[in-house]
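> I am attaching a structure below and will ask some questions about it afterwards.
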Amino acid sequence: MNALAQQGWIWFSQALTQHSSFSGYFQPLIQLIAPQWSTDAYRAQVIEIRDELADMFTLVLKPKTGLIDQQWPSFKAGQFIELMVEKEGSRTLRCFSISSSPAHYKKTGLIELSIRIQRQGRITPWIREQMRVGSLVNISVAQGDFILPTPLVEKYLFIAGGSGITPFRSMLQQQLLSEETEQRDIHLLYYSRNNQHIAFQQELEQLQNNCPNITVTFINGEQEGFICEQHVQNYCPDYHQRTSFICGPSPMIQQARKVLSDLKVDNSKINFEFFGAAPIEMKSTGQAIVHFQASEKIVVSEENKTETLLEQAEAQGLTPVSGCRIGVCHQCICKKKSGIVFNTRTQQYSDTGSEEIQLCISVAQGDVVLDL
Ligand SMILES: Cc1cc2nc3c(=O)[nH]c(=O)nc-3n(C[C@H](O)[C@H](O)[C@H](O)COP(=O)(O)OP(=O)(O)OC[C@H]3O[C@@H](n4cnc5c(N)ncnc54)[C@H](O)[C@@H]3O)c2cc1C
Ligand code: FES
């Protein structure tokens with residue numbers, strides 16, 4: 001359908017149903033027979049659940065299960081999806097990197113998510129307990145820019161911590177399965193808590209044996225400690241020739257970035273992906289006054305206490321819509337009328353003008369007025 005016809009179709013649908021698509025209008029009816037069906041997500045079926053470690057499992061999913069389902073577009077190795085589940089009547093979403101490769105999806109129509117069970121988490125233990133082969137879930141399109149650059153450079157240093165191995169598994173599998181003839185030189189430093197916590201160990205060892213240009217160094221945190229300059233220099237002496245990718249718990253990412261920076265690796269060659277809210281790394285704000293104009297509430301934030309605007313709003317008893325709380329789902333978008341905010345995900349300051357911001361990753365820098 002060309003753009004004009006598409007506009008016309010949306011107008012026609014809106015005129016008749018107040019929805020931008022007929023499927024949106026019929027959604028409640030369709031959900032009576034297909035409860036997980038949704039117009040704003042893609043449906044996928046659980047094909048297999050595989051335990052990787054005592055606290056980590058892989059969910060094998062087949063997107064597009066029925067005739068009425070939309071075709072799920074493909075992805076790039078390293079990207080993540082939002083997994084939407086319905087728990088106790090409320091829809092919740094969580095982000096997970098796709099741990100299998102695009103080449104594997106092309107061949108089998110399947111994608112894999114490898115999920116660490118968070119002991120006090122709301123959703124990950126529930127997924128492991130409640131999901132069965134045949135269960136249906138909703139997934140988003142793949143997102144994120146934790147992907148290898150194009151044109152591909154030749155040498156990479158991957159640094160993974162714990163479940164942060166997942167995007168790297170996808171990239172390594174892609175290197176093995178894709179039909180590209182040119183092979184990249186990859187060195188993976190894989191940090192685990194101890195010997196019992198190394199996911200995909202056999203697979204990675206096999207990969208290393210089959211691909212001479214892939215090197216995997218397993219680092220046992222209990223014996224060798226946290227990432228440090230010596231590890232990088234000893235295990236990967238040509239680190240300065242490589243483009244680095246880091247993924248794992250936030251403190252590990254911060255430490256790895258510092259180590260590489262102290263080793264004089266250029267910032268432009270360091271890529272990283274937080275598996276949660278990014279730490280707030282902004283200059284001291286001094287005192288900031290946030291005016292929630294529509295609710296007629298004013299908050300004076302304490303000096304040296306950095307809270308996101310979402311946290312500040314909630315502390316005032318306001319209930320703005322939110323979802324992921326880490327800047328991914330865009331549900332918390334709100335209009336800033338004036339003032340400067342710091343974006344914890346991009347680490348950038350806004351200008352002073354009116355614009356839409358995400359409350360969960362914005363921190364007031366000085367006085368801010370919000371349409372909330
Ligand atoms: C881009 C991206 C990609 C990701 N990819 C992956 C992946 O491939 N694999 C993976 O395993 N994870 C991945 N994650 C992380 C994953 O999304 C989170 O671990 C997951 O959302 C946790 O969901 P949950 O509901 O179980 O935990 P939540 O309920 O959201 O809790 C989050 C954390 O808070 C702790 N917590 C919760 N309640 C309490 C409490 N009362 N007291 C103390 N602590 C508490 C939990 O233990 C947990 O560590 C990714 C995250 C992002 C942003
Ligand atoms: S709550 Fe998801 S982006 Fe803010």
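The values are calculated or read from the model by the stated rules, or taken from the named source; none is laboratory data. Everything quoted here is computed from the prediction, not taken from an experiment. For neighbour counting, all protein chains shown are included, and Cβ atoms are generated from backbone atoms with ideal geometry for every residue, glycine included.
> Which one of these does Gly339 not meet: (1) at negative phi; (2) at pLDDT 90 or above?
Here Gly339 meets the rest and fails (1).
> A follow-up question, please. Could you grab the pairs with beta carbons closer than 7 Å, sequence gap of 6+ or different chains, first residue in the stretch 95-111 and more than 18 Å from Glu48 (Cβ to Cβ), second one of a type in the set (A, V, I, L, M, F, W, C) and more than 16 Å from ligand 2 (Cβ to nearest atom)?
Within 7 Å, the pairs are Pro102/Phe75; Pro102/Ala77; Ala103/Leu177.
> Quick test of your reading of the structure: Val363 fulfils all but one of (1) farther than 30 Å from Glu86 by Cβ; (2) more than 14 Å from ligand 2 (Cβ to nearest atom); (3) not polar (S, T, N, Q). Name the failing condition by number.
Val363 satisfies all of (1) farther than 30 Å from Glu86 by Cβ; (2) more than 14 Å from ligand 2 (Cβ to nearest atom); (3) not polar (S, T, N, Q) except (2).
> I'm told Phe342 meets every condition in (1) without any contact (Cβ under 8 Å) to a residue 24 or more places away in the chain; (2) within 16 Å of ligand 2 (Cβ to nearest atom); (3) in a strand (DSSP E or B) except one. Can you identify the failing condition by its number?
Among (1) without any contact (Cβ under 8 Å) to a residue 24 or more places away in the chain; (2) within 16 Å of ligand 2 (Cβ to nearest atom); (3) in a strand (DSSP E or B), Phe342 violates only (1).
> So which helices (runs of 4 or more DSSP H) stay within the stretch 153-244 end to end and still have 1 or more residues that are within 16 Å of ligand 1 (Cβ to nearest atom) and closer than 21 Å to Asn267 by Cα?
166-177
> From the residues in the stretch 289-331 that are modelled with pLDDT of 85 or more, acidic (Asp, Glu) and not in a helix (DSSP H, G or I), which one is farthest from ligand 1 (Cβ to nearest atom)?
Glu296
> When you go through Gly134, Gly121 one by one, which is the residue that is more than 16 Å from ligand 2 (Cβ to nearest atom), in contact (Cβ under 8 Å) with a residue 12 or more places away in the chain and assigned by TED's automatic domain parsing to the domain that holds Ala54?
The unique qualifying residue is Gly134.
> Also, quick follow-up: Checking Ile280 against (1) outside the structural domain of Ser170 (by TED's automatic domain parsing); (2) assigned to a strand (DSSP E or B), which single condition isn't satisfied?
(2)
> Can you confirm whether Thr319 is closer than 26 Å to Gly144 by Cβ and polar (S, T, N, Q)?
No: the conditions fail for Thr319.
> Go through the residues of the stretch 263-275 one by one and say whether even a single one is under 15 Å from the mean Cα position of the chain (by Cα) and of a type in the set (Gly, Ala, Ser).
no
> Hey, can you tell me all the residues within the stretch 341-356 that are under 17 Å from Leu310 (Cβ atoms) and more than 16 Å from ligand 1 (Cβ to nearest atom)?
Val341, Phe342, Ser350, Glu355, Glu356
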